[in-house]
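Student: Below is one structure. I have some questions about it.
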Amino acid sequence: LNSGPARIGAPAARELGLDGEGVTVAILDTGIDATHPDLADRVVAQVNFTDAPDIGDVVGHGTHVGSTVAGTGAASDGLYTGVAPGADLLDVKVLNDDGYGFDSEIIAGMEWAVEQNADIVNMSLGGFVTDRLPPIEEALERLSAQSDTLFVVAAGNEGPFTASLSAPGTAEAALTVGALD
């Protein structure tokens with residue numbers, strides 16, 4: 001967070017008053033540590049679709065993603081402020097305490113987020129693309145057609161090379177993002 005938001009113009013947008021206020025972003029991941037100082041007042045709802053005993057984020061990935069999106073920078077005196085610190089977060093735990101989840105859990109989380117009127121669903125997760133249409137990709141296409149929700153999906157961790165995108169980042173309706181470097 002010390003360079004990423006600046007590279008995409010987030011500080012300049014915040015100076016114009018565009019800080020994510022009024023926007024709800026669902027984070028589908030390993031959960032969010034809602035007690036983290038940067039996220040304490042950003043998480044407005046939490047739900048757990050996994051077999052994990054509670055909503056907490058023992059992996060840390062969901063907390064990292066939530067902070068990248070809407071972290072206030074409170075723990076660093078503003079040094080590590082997220083892209084949209086005024087946004088509200090929905091903590092949707094679809095990956096268990098080992099960082100894995102079933103398609104059915106992820107799809108249930110996607111559907112729940114749309115039912116909550118999330119403006120954006122962030123999915124920093126994915127799986128291998130095969131000859132079959134992955135169920136998560138099919139769900140993303142269906143939910144995008146039925147709602148105004150934008151699904152922002154990680155491109156994956158396997159590139160760069162031909163066919164390195166992971167599903168559901170391969171969905172036509174997904175806004176798929178990759179690394180800056």
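Student: Only one of (1) at pLDDT below 95; (2) open to solvent by less than 60 Å² (accessible area, probe 1.4 Å); (3) under 19 Å from ALA155 (Cβ atoms) fails for ILE55. Which number is that?
Tutor: The failed condition is (3).
Student: Given THR63, THR50, which one is modelled with pLDDT of 95 or more, touching a His at 6+ places or on another chain (Cβ under 8 Å), more than 13 Å from ALA118 (Cβ to Cβ) and crowded, with 20+ Cβ neighbours inside 10 Å? Show your work before the answer.
Tutor: On the way: THR50 fails: touching a His at 6+ places or on another chain (Cβ under 8 Å).
Residue meeting the stated conditions: THR63.
Student: Same structure, new question: Condition first: touching a Gly at 6+ places or on another chain (Cβ under 9 Å), open to solvent by 20 Å² or more (accessible area, probe 1.4 Å) and closer than 15 Å to VAL121 by Cα. Now tell me which residues in segment 23-41 satisfy that.
Tutor: Of everything in segment 23-41, just one residue is touching a Gly at 6+ places or on another chain (Cβ under 9 Å), open to solvent by 20 Å² or more (accessible area, probe 1.4 Å) and closer than 15 Å to VAL121 by Cα, namely VAL23.
Student: Restricting to segment 21-38, name every residue that is small (Gly, Ala, Ser) and at pLDDT 95 or above. Can you show your working first?
Tutor: From segment 21-38, those small (Gly, Ala, Ser) are 22, 26, 31, 34; that's our starting set.
Correct list: GLY22, ALA26, GLY31.
Student: Which condition from (1) under 16 Å from VAL23 (Cβ atoms); (2) open to solvent by 40 Å² or more (accessible area, probe 1.4 Å) is the one that THR81 breaks?
Tutor: Evaluating THR81 over (1) under 16 Å from VAL23 (Cβ atoms); (2) open to solvent by 40 Å² or more (accessible area, probe 1.4 Å) leaves (2) as the failure.
Student: Can you name every residue in segment 135-181 that is modelled with pLDDT of 95 or more and part of a loop (DSSP other than H, G, I, E, B)?
Tutor: Of everything in segment 135-181, those that are modelled with pLDDT of 95 or more and part of a loop (DSSP other than H, G, I, E, B) turn out to be SER147, ASP148, THR149.
Student: Any idea which residue in segment 106-134 is surrounded by the fewest Cβ atoms within 10 Å (Cβ to Cβ), counting only those that are at pLDDT below 75 and of a type in the set (A, V, I, L, M, F, W, C)? Step through it out loud before you land on a result.
Tutor: Restricting attention to segment 106-134, the residues satisfying the condition of being at pLDDT below 75 are 127-133.
Within this subset, residues satisfying the condition of being of a type in the set (A, V, I, L, M, F, W, C) are 128-129, 133.
Values: PHE128: 10, VAL129: 18, LEU133: 13.
Only one residue tops the list, namely PHE128.
Student: Take segment 67-78 and flag every residue that is in contact with a Gly (Cβ under 9 Å, 6 or more places away or on another chain) and either open to solvent by 20 Å² or more (accessible area, probe 1.4 Å) or among the basic types (Lys, Arg) (or both).
Tutor: Within segment 67-78, the first condition is being in contact with a Gly (Cβ under 9 Å, 6 or more places away or on another chain), and the residues that meet it are 67-73.
Result: THR68, VAL69, THR72.
The values are calculated or read from the model by the stated rules, or taken from the named source; none is laboratory data. Because the structure is a prediction, the values reported are computed rather than measured. Ideal geometry is used to build each Cβ from the backbone, glycine not excepted, and the neighbour counts take in all protein chains shown. Quick note on the areas: whole protein, heavy atoms, side chains included, nothing else; ligands and nucleic acids left out. Shrake-Rupley method; radii C 1.70, N 1.55, O 1.52, S 1.80 Å.
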